[in-house]
Amino acid sequence: MSVGVLITCGVLLTAAAILAMSRVERGPSMLDRIVAIDVMVAAIIGCLAILSAWSGRVDLVPVLMVLALVGFVGSVTLARFAAAEPDEERRILTPEEIAEADAKVRAELEEES
Amino acid sequence: MNVSDIAMVASSVLLVLGSLLTLIAAIGVTRFPDLLARMHAATKPQVLGLVLMMAGLALALGTSQVTWKLTLVVLFQLITAPVSAHMVGRAGYRTGKVRSDLLVVDELTDDLRAAREEADR
Amino acid sequence: MRAGGPRTWLEKFPMVLWLTALWVLFWGELSLANVLVGVLIGLFVMTVMPMPRIGFEGRVSVIGTAILLGKFAVDVAMASVQVAGQALRFGRDPHGAVIRVPLRGHSDLFLTLTAVLCSLVPGSIIVEAHRLSGTLYVHILDVPTVGGVEKAKADVLAQERRVLYALATDADIAEAGLPPRPWKRSRGNRPNAASAVDNGRPTDGEGTVTR
């Protein structure tokens, strides 16, 4: 593996991590953050992979295995907690609100077409 | 150009492609307007990106032991990714994080409303 | 279907085999000691943490599984490119949809498998799965890209058909209202069945097979 490949992959993955981090910061909800963190984990797995390919370190492979196995625990835990939020956020929209939103979307779609 | 050279080039290509997919996913997560759309973007590096990167890594390391372990990495990810995706998607829908105004068709809300009207009667 | 009661050795066997294989792969070396310890740990795990039965009653078809996995790989690759295109098309937000797909099979296992495969393919996420009616609610990232709501529903149903063809018994397939496996049919004595090839569209009742 050449230095060029290492640098290219490194830049791509760093950019990905920074973008994911910006979504973690902006939210707006915990679920958006956890989705962004999933991407972050993917970027970390990628970084470990290129590091391992560059240096030939086989001992990083178990770390990859652990990350792939454990990565979903955080998401599931947070998704469980997402139910315990204020009533205002928990409720599903009322029929009137949905009808209103629906009408709006349909009108917009008709305008577009 | 011998076999190991070809393997090296192939592994480089695969690793770059995987990194690129991760970056595009991050762009999608940053750019898409609502939770579910962001989740679509996030599934991509978890499945195809990971497969590409692990294939690249297997070619670069080139021992069969490691190849088996990397297959396991992909397998674990394929087993666990749908679990978290479903949990997050469902929690998002139930906690009202899904913006119905961005959906063209929303048959789940229709059905929930029908069920609620049924219960009211 | 026998319910409850301790498992027989035969029932435990596949799970122990899988756990042993995992253990050997973790160590990365196929030696007698690894296999023995793996079997012991497998049995220990099965005893301490028994899993509920899922009641798999099916017939694994090699051709069906090959088609399922092959199509899945192609789907993942193509859908990834589509979603990547969506992410890079700035200035245009995707038009998503949540669609209701009533599945035709009647087994929890096939419902789960279909849902898992659908959510692994980028561009579709299972938002809700209603077990009693066997209904999946699928979120589609961008309706125009996949070619309309009906096409998206047909895709999910086609996925289910491949799952059934890979793993279900002939009786289950017929009960779901699907024609029998195409590669079986050519050998069988059903002269007019070839015309009824289901191309994944939900045609209620039309695809039913007289047994």
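Go through the range C:28-123 and tell me which helices (runs of 4 or more DSSP H), entirely inside it, have 2 or more residues that are more than 25 Å from B:A85 (Cα to Cα) and over 27 Å from the mean Cα position of the chain (by Cα).
Because the criterion is at least 2 residues that are more than 25 Å from B:A85 (Cα to Cα) and over 27 Å from the mean Cα position of the chain (by Cα), the helices (runs of 4 or more DSSP H) in the range C:28-123 that meet it are C:32-48.
Would you please name the residue that is farthest from the chain's Cα centre (by Cα), looking only at residues in the range B:55-67 that are within 8 Å of chain A (Cβ to nearest Cβ) and touching a residue at least 24 places away in the same chain (Cβ under 8 Å)?
Step by step, filter the range B:55-67, then rank; the result is B:A60.
So which residues in the range A:49-59 are of a type in the set (A, V, I, L, M) and more than 9 Å from every other protein chain (Cβ to nearest Cβ)?
Hit for the range A:49-59 is A:L51, nothing else.
The rows are residues; the columns are (1) modelled with pLDDT under 90; (2) touching a strand residue (DSSP E or B) at 6+ places or on another chain (Cβ under 7 Å); (3) crowded, with 22+ Cβ neighbours inside 10 Å; (4) more than 17 Å from B:K44 (Cα to Cα).
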{"residue": "A:V5", "(1), (2), (3), (4)": "yes, no, yes, yes"}
{"residue": "A:G10", "(1), (2), (3), (4)": "no, no, no, yes"}
{"residue": "A:R26", "(1), (2), (3), (4)": "yes, no, no, yes"}
{"residue": "A:M65", "(1), (2), (3), (4)": "yes, no, no, yes"}
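Looking only at the range B:22-54, count every residue that is within 19 Å of A:F72 (Cβ to Cβ), under 13 Å from the mean Cα position of the chain (by Cα) and among the aliphatic types (A, V, I, L, M) and tell me the total.
11
With the checklist (1) assigned to a helix (DSSP H, G or I); (2) closer than 29 Å to C:D93 by Cα in hand, flag the one item B:A10 doesn't pass.
Checking B:A10 against (1) assigned to a helix (DSSP H, G or I); (2) closer than 29 Å to C:D93 by Cα, the one that fails is (2).
Tell me, yes or no, whether the range B:74-96 has at least one residue that is in contact with a Gly (Cβ under 7 Å, 6 or more places away or on another chain), in a helix (DSSP H, G or I), within 29 Å of A:L78 (Cβ to Cβ) and in contact (Cβ under 8 Å) with a residue 12 or more places away in the chain.
Scanning the range B:74-96, I find no residue that is in contact with a Gly (Cβ under 7 Å, 6 or more places away or on another chain), in a helix (DSSP H, G or I), within 29 Å of A:L78 (Cβ to Cβ) and in contact (Cβ under 8 Å) with a residue 12 or more places away in the chain, so the answer is no.
Scan (1) buried (at least 19 other Cβ atoms within 10 Å of the Cβ); (2) at pLDDT below 75; (3) over 25 Å from A:A43 (Cβ atoms) for the single condition B:K97 breaks and write down its number.
Answer for B:K97: the failing condition is (3).
Is it the case, given these coordinates, that B:T95 is closer than 28 Å to C:D93 by Cβ, β-branched (V, I, T) and more than 10 Å from chain C (Cβ to nearest Cβ)?
It is true that B:T95 is closer than 28 Å to C:D93 by Cβ, β-branched (V, I, T) and more than 10 Å from chain C (Cβ to nearest Cβ).
Hey, does the range C:41-52 have a residue that's polar (S, T, N, Q) and within 25 Å of C:A158 (Cβ to Cβ)?
No, because not a single residue in the range C:41-52 is polar (S, T, N, Q) and within 25 Å of C:A158 (Cβ to Cβ).
Since C:D172 meets every condition but one in (1) of a type in the set (D, E); (2) in contact (Cβ under 8 Å) with a residue 60 or more places away in the chain; (3) assigned to a strand (DSSP E or B), which condition does it not meet?
It fails just one condition, (3).
Just for the range B:68-86: of the residues that are of a type in the set (S, T, N, Q) and either in contact with a Lys or Arg (Cβ under 9 Å, 6 or more places away or on another chain) or facing chain A (nearest Cβ under 7 Å) (or both), which one is farthest from B:M53 (Cα to Cα)?
Looking at residues that are of a type in the set (S, T, N, Q) and either in contact with a Lys or Arg (Cβ under 9 Å, 6 or more places away or on another chain) or facing chain A (nearest Cβ under 7 Å) (or both), I get B:S84.
Residues in the range B:62-75: is at least one buried (at least 24 other Cβ atoms within 10 Å of the Cβ) and modelled with pLDDT of 80 or more?
Yes, the conditions are met somewhere in the range B:62-75.
Which residues, counting only those in the range C:87-96, are surrounded by fewer than 23 Cβ atoms within 10 Å (Cβ to Cβ) and either more than 10 Å from chain B (Cβ to nearest Cβ) or not charged (D, E, K, R) (or both)?
Of everything in the range C:87-96, those that are surrounded by fewer than 23 Cβ atoms within 10 Å (Cβ to Cβ) and either more than 10 Å from chain B (Cβ to nearest Cβ) or not charged (D, E, K, R) (or both) turn out to be C:L88, C:F90, C:G91, C:R92, C:H95.
Given C:L103, C:L88, which one is free of Cβ contacts under 8 Å to residues at least 40 places away in the same chain and farther than 20 Å from C:W183 by Cβ?
The unique qualifying residue is C:L88.
Is it the case that the range B:33-46 has a residue that's more than 7 Å from every other protein chain (Cβ to nearest Cβ) and either more than 15 Å from C:A84 (Cβ to Cβ) or aliphatic (A, V, I, L, M) (or both)?
Yes, because at least one residue in the range B:33-46 is more than 7 Å from every other protein chain (Cβ to nearest Cβ) and either more than 15 Å from C:A84 (Cβ to Cβ) or aliphatic (A, V, I, L, M) (or both).
The values are calculated or read from the model by the stated rules, or taken from the named source; none is laboratory data. This one's a predicted model, so the numbers in the text were calculated from it and none came from an experiment. Neighbour counts are summed over all protein chains in view; Cβ atoms, including those assigned to glycine, are modelled from backbone coordinates with ideal geometry.
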